[in-house]
Amino acid sequence: MSIKVLCPDVISKIAAGEIVERPASVVKELVENSLDAGATQITVEAGGGGIDLIKVTDNGAGIPADEVELAFERHATGKITSETDLEAVSSLGFRGEALPSIAAVAKVSMVTRYRDDVVGTVVKLENGAVTSKGKQGFPQGTTVSIRDLFRNVPARLKFLKSPSTENGHISHLVTQYGLAFPEVKFHLIINGRTSFRSPGNGSLRDVLVEVYGLETAQGMLELGANEGVEGTVLDIHGFVSPSSLSRSNRNYLSFFVNRRWVRSRMLAYAVEEAFQGMLMTGKHPIAAINISLPPEEIDVNVHPTKSEIKFRRERQVFVAVQRAVRNTVVGSATVPSMRILPLPSVVPAFTPSLFARPASGKVTSLPQLTGEQEGAQPRPQLPILRVIGQLQNAYIVAEGPDGMYLIDQHAAHERVLLERAREQQASRAIEVQGLLEPVAIEVTAQQQELLQSQREVFYESGFHLEQFGERTYLLRSVPAVLRKPDITRVLAEILDSLGGLQESEWQESIAVSLACHGAIPAGQSLSLQEMEELVHQLEQTQSPRTCPHGRPTMIHLSASQLEREFGRR
Ligand code: ADP
Ligand code: MG
């Protein structure tokens, strides 16, 4: 269909608003245009977090020479013409707003050759106006280059996060489109380095391997369901994780409706509901789910970025998705699967000897208490406590000058480790534990962006990583507080938790994670000596009464309370 400006009454019915919020939104619009043009190969390049450069190259149909300038006019689209088309949109774009909106906030150049044209067309635009136009030899397809994004809108520039965070958004986005279009070969290059590549062979599982790594992808369960929703057929297919595989945030839930990548609380909720009772609280499944249904069953015209949609029969879609996921996951759960994770030989599994003082010689890497090292004891904020025993393998019962204290052993140890980690970060003296054999770690494209750009932060926290493959790293040492066998998972969780944070918050967030993962769990029985050591270490902390998450480390029952309760007063 040739490009035409929509008539005003169609325009008035299009959800208006801002499309270009951040560099990843530009990538989204350009990639959607390439997909709408029937491309089978799409290369995305980004530099400087997308501010310096975003370049998208495709081998799609191209734009006829005489329509190139029109493509940059508001409400010019080759995808719909009438209001009726709006009711059943089958292309990703339809608003005719992306190119002009981008051209208004960046320098744009486009080279394109339509399949029937013999030569390509080049146009350049600044501040939304064409500055040059010419002819150029070019293979069939389109390359759009965006430079200096938002340089003329300082307010918008200020709102952006660091380049590594913006790169993270870009790679998340491109991997999502990779999952939505397994038959298209995607190649993402960030700062000159390949960050993601999909094979384009039509296999969703093969894309999952590239996005989440081989081990995760192999464990995923295939979903297949045709559900009738009051006469119309709803096709649900894709992959979900088994209950044994989970993540600590919802970033791993991907939904595509009629091949459009959508964000939907309703769909996320349907999947999580299907896992009810199977995952620990705070854990979330991994899923890549495609839903196909007749276009008139959905309204894509509800949000300017088109990433939210409305289902005409939401309740039925919810039930169908939940049922399909539940059936798949429950079906697989009857076969118990146990995976043995490779254990780096030198990192001992957690043992209570963690509390032994270094003098015992058992754990040589245990850091000395700073107070002892410097001979300057911080003023204790806790009374001297005498340990009496352990309750439920989780609480330490102690006596103080004014009654009884119940100490949560995990929370208390978290506090101790948090302050130790902070001190070590501040003095740049992180205790590390070398691994005899390095552990290979596969990261997602988004995690890699964080790792690449902020390798020192991880290094300074005790994770010594070495790039090994495109998205594989060798972990050579870990912070000494981490004594768990599942270091890989801990590192992945730390990476995920940093995604939404400012860089200035990273060190503290890593310290909190290390404390949480390194701390002795509830359920672990402790000897009297170990409990005394823990209480002693807690006494040395700056804020002994709360854990890093703000929960209390101890409960106090005063002598007078006891007397009252027993009716002695
Ligand atoms: P929309 O996608 O909503 O139609 P855009 O502003 O994104 O609006 O694009 C305007 C038009 O330019 C499209 O309708 C399409 O005809 C053309 N176009 C944009 N990018 C490409 C591309 N990569 N290949 C072919 N045609 C394109
Ligand atoms: Mg578009």
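The values are calculated or read from the model by the stated rules, or taken from the named source; none is laboratory data. Keep in mind that this is a model prediction, so the values were computed, not measured. When we count neighbours, we look across all protein chains shown, and the Cβ atoms used for this are built from the backbone with ideal geometry, even at glycine. The area values use the complete protein model at the heavy-atom level, side chains included, leaving out ligands, DNA and RNA. Shrake-Rupley method; radii C 1.70, N 1.55, O 1.52, S 1.80 Å.
Filtered by the rule that a residue be touching a residue at least 60 places away in the same chain (Cβ under 8 Å) and surrounded by fewer than 15 Cβ atoms within 10 Å (Cβ to Cβ), segment 274-294 gives a lone residue, 294. Checked against (1) surrounded by fewer than 16 Cβ atoms within 10 Å (Cβ to Cβ); (2) closer than 18 Å to residue 35 by Cβ, residue 140 passes all but condition (1). Selection of segment 26-40 for residues being over 18 Å from residue 171 (Cβ atoms), open to solvent by 10 Å² or more (accessible area, probe 1.4 Å) and either in a strand (DSSP E or B) or within 16 Å of ligand 2 (Cβ to nearest atom) (or both) yields 33, 36, 37, 38. Counting only residues that are surrounded by fewer than 17 Cβ atoms within 10 Å (Cβ to Cβ) and closer than 30 Å to residue 258 by Cα, which one in segment 107-126 is nearest to ligand 1 (Cβ to nearest atom)? Checking each candidate, the answer is 115.
In the set (1) within 12 Å of ligand 1 (Cβ to nearest atom); (2) farther than 30 Å from residue 257 by Cα, residue 129 fails one condition alone, (1).
Within the option set 63, 19, being part of a loop (DSSP other than H, G, I, E, B), modelled with pLDDT of 95 or more and within 14 Å of ligand 2 (Cβ to nearest atom) holds for one residue only, 63.
Any residue at all in segment 544-556 that's assigned by TED's automatic domain parsing to the domain that holds residue 434, surrounded by fewer than 17 Cβ atoms within 10 Å (Cβ to Cβ), in a loop (DSSP other than H, G, I, E, B) and more than 25 Å from the chain's Cα centre (by Cα)? Looking through segment 544-556, at least one residue is assigned by TED's automatic domain parsing to the domain that holds residue 434, surrounded by fewer than 17 Cβ atoms within 10 Å (Cβ to Cβ), in a loop (DSSP other than H, G, I, E, B) and more than 25 Å from the chain's Cα centre (by Cα). Within segment 64-73, one or more residues are of a type in the set (Gly, Ala, Ser), within 12 Å of ligand 1 (Cβ to nearest atom) and buried (at least 17 other Cβ atoms within 10 Å of the Cβ). For segment 420-460, the set of residues classified as aromatic (Phe, Trp, Tyr) and open to solvent by less than 60 Å² (accessible area, probe 1.4 Å) consists of 458 only. Residue 245 meets the conditions (1) open to solvent by less than 60 Å² (accessible area, probe 1.4 Å); (2) at pLDDT below 90; (3) not assigned by TED's automatic domain parsing to the domain that holds residue 305 in every case but one. The failed one is (3).
I need a count of the residues in segment 66-84 that are in contact (Cβ under 8 Å) with a residue 40 or more places away in the chain, charged (D, E, K, R) and either part of a helix (DSSP H, G or I) or within 12 Å of ligand 2 (Cβ to nearest atom) (or both).
We begin by selecting, within segment 66-84, every residue in contact (Cβ under 8 Å) with a residue 40 or more places away in the chain; these are 67-83.
Checking the rest, the ones that are also charged (D, E, K, R) come to 67, 69, 73-74, 79, 83.
Filter once more, keeping what is either part of a helix (DSSP H, G or I) or within 12 Å of ligand 2 (Cβ to nearest atom) (or both): 67, 79, 83.
Residues flagged as in contact (Cβ under 8 Å) with a residue 40 or more places away in the chain, charged (D, E, K, R) and either part of a helix (DSSP H, G or I) or within 12 Å of ligand 2 (Cβ to nearest atom) (or both) within segment 66-84 amount to 3.
When we screen 482, 498 for residues that are modelled with pLDDT under 85, in contact with a His (Cβ under 7 Å, 6 or more places away or on another chain) and open to solvent by less than 10 Å² (accessible area, probe 1.4 Å), the only hit is 482. Does segment 109-119 contain at least one residue that is of a type in the set (Gly, Ala, Ser) and within 16 Å of ligand 2 (Cβ to nearest atom)? No, segment 109-119 has no match at all. The condition (being open to solvent by less than 20 Å² (accessible area, probe 1.4 Å), outside the structural domain of residue 305 (by TED's automatic domain parsing), in a strand (DSSP E or B) and within 17 Å of residue 51 (Cβ to Cβ)) is satisfied by just one residue among 164, 145: 145. What about residue 108, is it among the β-branched types (Val, Ile, Thr) and within 34 Å of the chain's Cα centre (by Cα)? Yes: the conditions hold for residue 108. When residue 104 is tested against (1) assigned to a strand (DSSP E or B); (2) surrounded by fewer than 18 Cβ atoms within 10 Å (Cβ to Cβ), just one condition goes unmet, and that condition is (1). Name, by its number, the condition in (1) over 18 Å from residue 251 (Cα atoms); (2) at pLDDT below 90 that does not hold for residue 292. Unmet for residue 292, out of (1) over 18 Å from residue 251 (Cα atoms); (2) at pLDDT below 90: (2).
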